[in-house]
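A.B. asks: Handing you a structure now.
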Amino acid sequence: MNIALILAGGIGKRLGRDIPKQYISIEGKMIITHCLEAVSTHPKIDAIQIVADEQWREKIYKQLPEAALLKFSGFAKPGPSRQHSIINALDVIMPSARGSDIIIIHDAVRPFVTKSLISACVAACAKHEGAMPVLQMKDTVYLGENRRVTSLLQRDKVYLGQAPEAFHLIKYYRANKRLNPDIIEKINGSTEPAVMAGMDIAMIPGDEQNFKVTTPLDLERCKLWIRG
């Protein structure tokens, strides 16, 4: 079974809005609804679990696309960090897990994910223990400290990670459960626990269209794309 885990527990501080960005409506639908439309219609997605605070669950459920409604398996509570939220959802999912299950973790604020990218993530898990879409770095990248440049990184070895990220569910769950609580707080990307556990994670080509709505400029871009 391929289970999509949609993360919608963030509070969206960087956008500077009164409500979390995933619940902003565009053309009568929340951003998370647009995301669910893209994910739920994929034939390889068998179930959908959503991380969301209780105050938003009824609104999410009312806007669930028909395909998502058929695959919806429930909600999980957000944690104090992104990775805590993932672990909370994994705890809900694991009692019915099977050895062949794949977990596909995606952000509710990435509404333009394509079927081909989801397919590539799932396909990579047939030969690897996980997969992450990446974009090649275009700009020169430096390390710095105290507002001074300290070194130059090799651009051809630096990548920008995207979601969805797919993993063998049971191995990924074990990787997370082995984490020290202090480490969990510092994790920014879903793939980090897998790499720390020595899992074989493939990098696959990402998609410029699959951007994350983080800033006001991202939101305006999102509106333009949805409105066509």
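A.B. asks: Looking at Thr41, Thr33 in this structure, which one is in contact (Cβ under 8 Å) with a residue 60 or more places away in the chain, closer than 20 Å to Ile226 by Cβ and out of contact with any strand residue (DSSP E or B) (no Cβ under 8 Å at 6 or more places or on another chain)?
C.D. replies: Unique residue meeting the criteria: Thr41.
A.B. asks: How about segment 44-123: which strands (runs of 3 or more DSSP E) wholly inside it have at least 3 residues that are touching a residue at least 60 places away in the same chain (Cβ under 8 Å) and either buried (at least 16 other Cβ atoms within 10 Å of the Cβ) or touching an Asp or Glu at 6+ places or on another chain (Cβ under 6 Å) (or both)?
C.D. replies: Those strands (runs of 3 or more DSSP E) span 102-107.
A.B. asks: Let me ask something else. For Lys29, which of the numbered conditions (1) farther than 29 Å from Asp101 by Cα; (2) touching an Asp or Glu at 6+ places or on another chain (Cβ under 6 Å) fails to hold?
C.D. replies: (2)
A.B. asks: Condition (residue is surrounded by fewer than 19 Cβ atoms within 10 Å (Cβ to Cβ), touching a Ser or Thr at 6+ places or on another chain (Cβ under 7 Å), not small (Gly, Ala, Ser) and not in a strand (DSSP E or B)) applied to segment 152-169: is it met by at least one residue?
C.D. replies: Among the residues of segment 152-169, at least one is surrounded by fewer than 19 Cβ atoms within 10 Å (Cβ to Cβ), touching a Ser or Thr at 6+ places or on another chain (Cβ under 7 Å), not small (Gly, Ala, Ser) and not in a strand (DSSP E or B), which makes the answer yes.
A.B. asks: Scan (1) closer than 21 Å to Ala108 by Cα; (2) in contact with a Pro (Cβ under 6 Å, 6 or more places away or on another chain); (3) not polar (S, T, N, Q) for the single condition Glu165 breaks and write down its number.
C.D. replies: It fails just one condition, (2).
A.B. asks: Ok, one more. Considering Leu117, Leu169, which residue is within 30 Å of Glu37 (Cα to Cα), modelled with pLDDT of 95 or more and in contact with a Leu (Cβ under 9 Å, 6 or more places away or on another chain)?
C.D. replies: After applying the criteria, what remains is Leu169.
A.B. asks: Specify the residue that is surrounded by the most Cβ atoms within 10 Å (Cβ to Cβ); the eligible residues are those in segment 180-191 that are without any contact (Cβ under 8 Å) to a residue 24 or more places away in the chain and either assigned to a loop (DSSP other than H, G, I, E, B) or not β-branched (Val, Ile, Thr) (or both).
C.D. replies: So, considering only residues that are without any contact (Cβ under 8 Å) to a residue 24 or more places away in the chain and either assigned to a loop (DSSP other than H, G, I, E, B) or not β-branched (Val, Ile, Thr) (or both), the one surrounded by the most Cβ atoms within 10 Å (Cβ to Cβ) is Lys186.
A.B. asks: If you don't mind, another one. Within segment 192-228, restricting attention to residues that are at pLDDT 95 or above, loosely packed, with under 13 Cβ neighbours inside 10 Å and more than 18 Å from the chain's Cα centre (by Cα), which residue is nearest to Val158 (Cα to Cα)?
C.D. replies: Gly198
A.B. asks: Another question about this same structure. If you take the residues in segment 13-30 that are among the aliphatic types (A, V, I, L, M) and either in contact with a Cys (Cβ under 7 Å, 6 or more places away or on another chain) or without any contact (Cβ under 8 Å) to a residue 60 or more places away in the chain (or both), which one is surrounded by the most Cβ atoms within 10 Å (Cβ to Cβ)?
C.D. replies: Per the stated criteria, the residue is Met30.
The values are calculated or read from the model by the stated rules, or taken from the named source; none is laboratory data. Because the structure is a prediction, the values reported are computed rather than measured. Positions of Cβ are backbone-derived with ideal geometry, glycine not excepted, and every protein chain shown enters the neighbour counts.
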